[in-house]
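Beneath this line is the structure, given in structure tokens, with notes to follow.
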Amino acid sequence: MNFMKITMYKAGKGDSFLVEWNNLKMLVDSGTPATQNRKKNPKFPCSKELDYIFLTHIDYDHIGGFLKLISSSEKNPFKNEVVIYCNLSNKITIDKDDYVGFKHGTLLQEELERLGISCNDLVNQDVINLPGACIHAISPKKEHLSLLLNYWDEYVNSCEKVNVKGYVSSEEKKFHFHYPDTSEPSKINLKNDIINITSIAFIMDIGCKKVMFLSDTHPDIVIDGVKEYLLKINEDLLDLELIKLSHHGSRHNTSNEMLSLLKCNRFILSTDGSEPYNHPDTQTISMLINSAINHGFDELYLYFNYKIPSDFDILNEGDLNVKVHRVVCEEVIV
């Protein structure tokens with residue numbers, strides 16, 4: 001088929017998507033364990049149906065469902081031909097022919113080893129040719145994987161002590177949009193957010209259509225990866241059909257500079273909008289409106305897998321030069 005269907009699963013604050021094309025199925029993250037609940041997600045695929053699996057990073061809200069599946073299995077639950085991509089295997093490629101092992105195994109690594117499941121690493125500028133499609137990785141950078149390795153002990157010891165003050169959006173979802181919007185995310189020390197900056201983010205080509213999955217990565221990393229990609233294809237602007245926005249619409253993971261490189265008016269925001277994060281941030285919505293106006297769109301489509309996060313009020317929405325569509329749905333067709 002010359003189109004792509006993206007199913008958005010209910011994963012709480014997490015991510016889980018099924019991408020289908022040419023009778024192939026690719027799971028991008030698996031949400032929390034509850035994501036596999038058939039009452040919540042009746043269309044969640046059986047393990048034997050999957051052709052490709054991308055686990056973008058080790059946050060539990062992205063790999064919990066996968067962990068639940070393999071930890072309860074006595075043997076490999078996937079078909080032999082399945083291809084899994086993640087940067088969580090025993091060895092991470094830092095430089096060509098130079099491998100460094102994690103100092104501490106994670107539960108995921110242990111379960112993969114137990115079942116004899118192998119994974120493929122994926123880093124910036126890697127290209128994967130699939131039947132009828134092509135994937136171009138724009139994140140993570142090799143130096144960030146190295147940073148993850150260096151701070152692994154420190155992360156393991158402190159991961160339960162993360163202070164989210166200043167990193168959440170607890171305001172009521174009512175705001176005025178001001179054009180031009182000049183707000184930019186505050187800079188975050190990469191060391192303090194090393195798990196997210198090592199997220200796998202990629203562009204997927206199918207025919208002449210392109211979509212982008214940004215996982216939980218940071219805008220500066222996306223900017224670098226997109227500029228490298230644009231240089232390869234000799235273009236100044238990346239024309240996209242759809243973008244899965246980074247980190248559930250957090251203001252720290254989107255920027256005006258990043259959006260200036262991406263001509264797109266369709267965005268997926270995967271979040272249930274619950275405490276303590278209350279995603280998406282109103283600053284992010286403002287940046288998306290600003291981008292749509294700058295790129296000459298008169299309509300902006302925001303796709304949500306829950307209703308609550310779509311219930312925000314742009315107090316001057318009637319005066320905008322762009323119509324904002326809030327679409328709560330399970331599937332998006334590209």
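Carbon-plus-sulfur accessible fraction, the chain (probe radius 1.4 Å, protein heavy atoms only): 48%. For the chain, the relative contact order comes to 17 percent (Cα pairs under 8 Å, sequence separation of at least 6). Per the Debye calculation on region 217-334 with a single equal scatterer at every Cα and no solvent contribution, log₁₀ I(q)/I(0) for q = 0.13, 0.20, 0.23 Å⁻¹ amounts to -0.49, -1.15, -1.45. Here region 287-334 is described by how far its Cα atoms reach on the three principal axes: 28, 27, 15 Å, from widest to narrowest. With viscosity 0.692 mPa s and temperature 37 °C, the Kirkwood radius over alpha carbon pairs of region 181-284 converts through Stokes-Einstein to a diffusion coefficient of 231 µm²/s. Mean-square fluctuation check for the chain, GNM, Cα pairs under 10 Å: which of Ile53, Ile128, Ile203 is largest? Fluctuation is largest for Ile128. Dimensions of the chain along the principal axes, based on C-alpha atoms and rounded to the nearest Å, stand at 59, 46, 45, largest first.
Looking at the P(r) of region 1-85, how many percent of alpha-carbon pairs lie beyond 18 Å? Within region 1-85, distances greater than 18 Å cover 38 percent of Cα pairs. Per DSSP H run of at least 4 residues, take -39500 (n - 2.57); add these up for the chain, divide by its residues and hand me the 222 nm value, nearest 500 deg cm²/dmol. The helix-only estimate for the chain comes to -6500 deg cm²/dmol at 222 nm.
Proximity of backbone amide H atoms, modeled 1.01 Å from N, is registered between Val328 and Phe304 at under 5 Å, excluding neighbours fewer than 5 places apart on the same chain. Can you flag which of Lys25/Lys79; Lys10/Lys323; Lys10/Lys40 are past 18 Å Cα-Cα? Correct reply: Lys10/Lys323.
Comparing Leu261, Leu122, Leu130 in a Gaussian network model of the chain, where Cα atoms under 10 Å apart are tied by springs, the biggest mean-square fluctuation is seen for Leu130.
Based on protein heavy atoms only, the chain ends up with 44 Å² per residue of surface accessible to a 1.4 Å probe. Computed from backbone phi with θ = phi - 60° and the Karplus coefficients 6.51, -1.76 and 1.60, the 3J(HN,Hα) list for region 215-229 is 6, 10, 6, 9, x, 4, 5, 4, 4, 4, x, 5, 4, 5, 5 Hz; x is used for glycine and proline.
Taking amide H positions as modeled 1.01 Å from N, with prolines and chain starts lacking one, the residues under 5 Å from Phe177 and 5 or more places away or on another chain are Leu315, Asn316. If you run the Gaussian network model on the chain, springs between alpha carbon atoms under 10 Å, then out of Ser215, Ser183, Ser255 the most flexible one is Ser183. Note on the chain: antiparallel DSSP beta bridges, both residues inside, total approximately 55 percent of the bridges counted.
Kirkwood hydrodynamic radius, region 16-56, all distinct C-alpha pairs: what's the number in Å? Spell out each step's value before the answer.
Details: mean 1/r = 0.0947 Å⁻¹.
About 10.6 Å for region 16-56.
For Ser139, nonlocal amide neighbours, meaning residues 5 or more places apart or on other chains whose placed amide H falls under 5 Å from its own, are Asn124, Gln125, Ala201.
The values are calculated or read from the model by the stated rules, or taken from the named source; none is laboratory data. Quick caveat: nothing in here was measured; it's all calculated off a predicted structure. Protein only, heavy atoms only, side chains kept; ligands, DNA and RNA dropped before computing areas. Shrake-Rupley method; radii C 1.70, N 1.55, O 1.52, S 1.80 Å.
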